[in-house]
1. Among the residues of the range 100-108, is any touching an Asp or Glu at 6+ places or on another chain (Cβ under 8 Å), of a type outside the set (S, T, N, Q) and at pLDDT 95 or above?
2. Filter the range 63-88 for residues that are out of contact with any Lys or Arg (no Cβ under 9 Å at 6 or more places or on another chain) and under 23 Å from Asp126 (Cα atoms); which is modelled with the lowest pLDDT?
3. Mind checking which pairs have a first residue in the range 69-89 that is free of Cβ contacts under 8 Å to residues at least 40 places away in the same chain and a second that is among the aromatic types (Phe, Trp, Tyr) and not in a helix (DSSP H, G or I), Cβ under 6 Å, 6 or more apart or different chains?
4. Name every residue in the range 59-99 that is among the β-branched types (Val, Ile, Thr), surrounded by 13 or more Cβ atoms within 10 Å (Cβ to Cβ) and over 14 Å from the mean Cα position of the chain (by Cα), in order of residue number.
5. Of everything in the range 102-136, what is in a loop (DSSP other than H, G, I, E, B), within 21 Å of Leu46 (Cβ to Cβ) and touching a helix residue (DSSP H, G or I) at 6+ places or on another chain (Cβ under 7 Å)? Give them in sequence order.
6. Which of the numbered conditions does Phe30 fail, given that it passes all the others? Conditions: (1) without any contact (Cβ under 8 Å) to a residue 24 or more places away in the chain; (2) over 24 Å from Lys129 (Cβ atoms); (3) of a type outside the set (Val, Ile, Thr); (4) in contact with a strand residue (DSSP E or B) (Cβ under 9 Å, 6 or more places away or on another chain).
7. Could you list, in sequence order, the residues of the range 47-79 that are touching a helix residue (DSSP H, G or I) at 6+ places or on another chain (Cβ under 9 Å) and assigned to a helix (DSSP H, G or I)?
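The values are calculated or read from the model by the stated rules, or taken from the named source; none is laboratory data. Treat the numbers as computed from the prediction; the structure is a model and nothing was measured. A quick note on method: Cβ atoms are made from the backbone with ideal geometry, for glycine too, and the neighbour counts reach across all protein chains shown.
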Amino acid sequence: MNKETTRRSLHVSEKSNKWQTCNDNVNTKFNVDKMKNFSGYVADMLNGGIPALIYAGDVDFICNYLGNKAWTLDLDWDHKNEFNLAEDHAWGGNKGLARSANGFTFLQVYDAGHMVPTDQPEVALDMIKNFLSEGTF
């Protein structure tokens, strides 16, 4: 990410800091929000028509896919029933397992840990491109 050609292609300003996988300054500022339930905000966004993608690597032991999938299934929003009735299906060939309905997607990414973009960079890029182009999962 810090290669000059990469920074240029992403239109990163020369004044911008170098990219790093984890930024302790940002992490520290989020410490006041730890262990708070923000699912209501996700429900409000979804109910307002704003799509959301929740993803987790299948070998992430920090924020594991089972827990993430459980809260997405439990989320109280207008289309909860449709989301819960949707079936898990293969995504991107053999890149992961997805469940999606009414703009809400949960994606279990295969062979990835806590840092999906580090473990599966091509898959992560496909996932983000697909989400931003309003693609289907």
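1. Yes: one or more hits.
2. Filtering first and then ranking leaves Cys63.
3. Lys69/Phe106; Thr72/Phe106; Phe83/Phe104
4. Answer for the range 59-99, where residues must be among the β-branched types (Val, Ile, Thr), surrounded by 13 or more Cβ atoms within 10 Å (Cβ to Cβ) and over 14 Å from the mean Cα position of the chain (by Cα): just Val59.
5. Hits for the range 102-136 are Asn102, Gly103.
6. Here Phe30 meets the rest and fails (4).
7. Trp71, Thr72, Leu73, Asp74
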